[in-house]
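All of the numbers you see were taken from the coordinates with simple rules; none came from a lab. Here the structure is a predicted model, which is why all the values come from computation and not from measurement. Cβ placement follows ideal geometry from the backbone for every residue including glycine, while neighbour counts extend to all protein chains displayed.
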Amino acid sequence: MDLISIRKEMKERMALGLNYGIQAVEEIIAPESIHSNEIINYKSQYNDLNRIASQNILDYAQIEMGLNKIRMGLIDLIDRLEMEDLRDRQELPEVQNRDLQYRKNNFFQLLDIHFVNLNQIKVELTYSAGSAKEIDLKTGREAMDYIYDHYMRFPVKDRKLDIVGQSVINYVQDFFEKYTRLEVYMKTVGFILEYIKEDKVEQHFFKGVFKSILSTPEMVLIFYCALSDTIPGFKKTISSSGFIDETIQPFLMSKDHLALLN
């Protein structure tokens, strides 16, 4: 195989996912190549970013910035490789099933983080019962249902605001700036969607699974959070992912709001 074909195939592996690109270069580059230390550096950076992502230390926008730097660096490295930098076989092995399983494992670990974040969402309601007070604590999906019913379903109509204009965007911006308990939940949703977008092989499966575990109120809140543009990069991720579609229109404050996201 000639050098141009090898470079082309390595970049095609990158299109399957950054981990495939790193593995492709790692497996074909000779240990004695002057570029071998570069791939070790990129692999180390990639593993560190995955570890940080699993611990929810940085938001997805910062992690994606780091992954993009690795992508561009790896593409540059591939363009600089010469035949003398390659192992004797000078061909890439087939993509192994274990690589696909690795990404599936990561995906389901991200779903575990999502459920942890969901269960951390709480709404505490206080009621008067004679001279005493009673507290009703809603958590997780029940809390999301309450937030949807009381803030993203009726309020705009009750207040007789313009439900198709700038006032709606102002309303959701004000809500998500003040209601910060949803911030971590939304950032994780964004990160999961970016992870799904990177995987060309299992993208449809991952997206279908993630969508299936979200309730309608959650989907509506994700939509309005994106519309508020209060989390850097979140609106772009949601609008470009194709994750939100017309199926949520009947549950929005106005069916015309869906067009505002684009």
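Its relative contact order, with pairs defined as Cα atoms under 8 Å and 6+ residues apart, puts the stretch 119-261 at 25 percent. Past 27 Å, Cα to Cα, is the threshold; run K11/K187; K69/K211; K211/K235 against it and keep the listed order. From K11/K187; K69/K211; K211/K235, over 27 Å: K11/K187; K69/K211. If R0 equals 22 Å, the separation of the Cβ atoms of R153 and E177 corresponds to a calculated FRET efficiency of about 0.65. Amide H contacts for I29 (H built 1.01 Å from N in the peptide plane; partners 5 or more residues away or on another chain; cut-off under 5 Å): R87.
Percent of C-alpha pairs per 5 Å bin in the stretch 119-261, short distances first: 2, 9, 18, 21, 20, 14, 8, 5, 2, 1, 0, 0, 0.
Computed from phi, the 3J(HN,Hα) profile of the stretch 102-108 under the Karplus parametrisation 6.51, -1.76, 1.60 (θ = phi - 60°) reads 4, 5, 5, 4, 4, 4, 6 Hz, with x in place of Gly and Pro. You can think of it this way: the chain between S36 and Q109 has 23.2 nm of extra reach, that is 0.36 nm per residue less the Cα-Cα gap. Anisotropy class assigned to the stretch 1-56 is oblate, per the alpha carbon gyration tensor with a/c at or over the 1.5 cut-off and a/b no larger than b/c.
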